[in-house]
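Structure first, commentary second.
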Amino acid sequence: MSMYKSSGNVKTLVTSASQKDSHTFQVSAAMSVVLATLLLSLNMGKSGGAIKPVVTFTPNWGNIIFYDSVTLTCDVPSTVPEEPRTYHWYRNQTKIEGDQQNLQIIGSSVERDRGDYQCQTIGGDISDPVFLNVTENLVILQRPPSAIYEGDPLTLRCHHCRLYNAIKIKFYKDDQEIKPSESDSTFHIPNITRSQSGRYKCTKQIRSRDRRHEIELSDESFISVKELFSPPEIKVTPSRVIEGDEMTVRCDTRLDPLRGGTELHFAFYRDGRTVRGYDVSDTYRVPSFQLEDSGNYTCEVRTVSDNVWKMSDGFYIQIHDYTVQNIIRLVISGFVLSAAVCFIYFHNKW
């Protein structure tokens with residue numbers, strides 16, 4: 001499990017306002033929601049709600065050696081059954097042969113097959129390019145072609161040309177050996193964390209079929225692990241609330257757009273105790289906050305698989321007594337009124 005905690009800085013919110021201010025904020029918020037919905041509808045009308053297809057590799061390696069074979073698949077996300085599709089394939093933005101969902105590359109060639117691959121269905125969007133690297137090296141460190149995010153499983157493979165035999169396989173991270181092996185050519189991380197970003201390398205001793213020649217070769221690749229979602233922050237609405245008001249506490253985080261389909265769950269705590277358990281909603285609402293609801297609020301965000309989770313900083317919310325607020329206002333009003341009467345009296349006397 002990968003765990004992320006922010007520093008323990010505690011912010012303080014001292015809340016005190018009138019019911020009028022709270023009502024004004026609610027009206028403004030409602031108008032904002034209506035406007036946002038309208039803009040979203042217009043935008044969806046423009047784009048047509050199209051979803052790009054995605055090119056995937058089988059085996060799932062972004063780099064291969066000449067003579068290797070690989071199958072490319074054009075995955076089109078859809079929830080509605082459709083008629084059989086016709087596909088178009090492109091390499092380096094040039095149309096190539098193939099009208100099926102799968103494109104097979106058998107016995108790859110460096111000059112012919114290396115490049116950016118894209119696919120498209122008739123009337124649909126074209127996919128983002130995915131690079132297939134074909135090399136003449138005798139040993140390569142293979143990695144997935146797509147971006148790697150925290151929480152993903154990661155498998156690296158120390159692969160060699162099939163024309164040779166290989167022995168004594170070793171893996172390194174930042175020049176530190178991480179897995180010696182005599183037979184297994186793969187190194188697997190079940191749930192990778194951002195701290196595991198770094199330079200990975202593998203070495204192999206390969207020998208010719210006739211066993212006359214033997215040499216140790218290596219290859220390396222920098223693995224950069226991207227952030228799946230940002231550390232959460234507590235957001236309070238409205239910013240000024242007194243006892244009896246409705247208040248919403250939101251757990252604000254930003255999910256990477258390329259992983260927009262990832263489902264997140266949210267939980268809320270006050271002074272370390274759970275006030276709402278994990279749920280798909282990122283907000284915690286109480287219709288009428290009371291004095292005992294004051295405290296240090298934090299929230300947690302996690303993936304459904306619970307392999308990535310992060311906690312927010314503390315945010316102190318102080319709920320003020322409505323009666324006390326009114327007494328303070330009356331006292332202040334009394335002073336102002338007394339001062340005004342004295343001013344008028346002495347002004348007329350002079």
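The values are calculated or read from the model by the stated rules, or taken from the named source; none is laboratory data. Since the structure is predicted, the reported quantities are computational estimates derived from the model, not experimental observations. Glycine also receives a Cβ, built like all others from the backbone with ideal geometry; neighbour counts cover every protein chain displayed. SASA here: full protein model, heavy atoms, side chains in, ligands and nucleic acids out. Shrake-Rupley method; radii C 1.70, N 1.55, O 1.52, S 1.80 Å.
A few points about this structure:
- Percent carbon-and-sulfur accessible area, segment 94-210, ignoring ligands, DNA and RNA, probe 1.4 Å: 45
- Segment 156-269: C-alpha gyration tensor shape, a/c 1.5 cut-off, then a/b vs b/c: prolate
- Debye-sum result for segment 82-207 in log10 I(q)/I(0), which assumes one identical scatterer on each alpha carbon, at q = 0.12, 0.14, 0.19 Å⁻¹: -0.64, -0.81, -1.10
- Among the GluC sites (Glu not before Pro) found in segment 112-196, those both in a DSSP coil and sparsely packed, with 15 or fewer other Cβ atoms within 10 Å of their Cβ, are Glu136, Glu182.
- When you filter the trypsin sites (Lys or Arg not before Pro) in segment 206-293 for DSSP loop state and at most 13 other Cβ atoms inside 10 Å of their Cβ, you are left with Arg209, Arg211, Arg212, Arg254.
- When the C-alpha to C-alpha distance is required to be over 21 Å, the pairs from Lys235/Lys310; Lys95/Lys226; Lys173/Lys204; Lys179/Lys204 that qualify are Lys95/Lys226.
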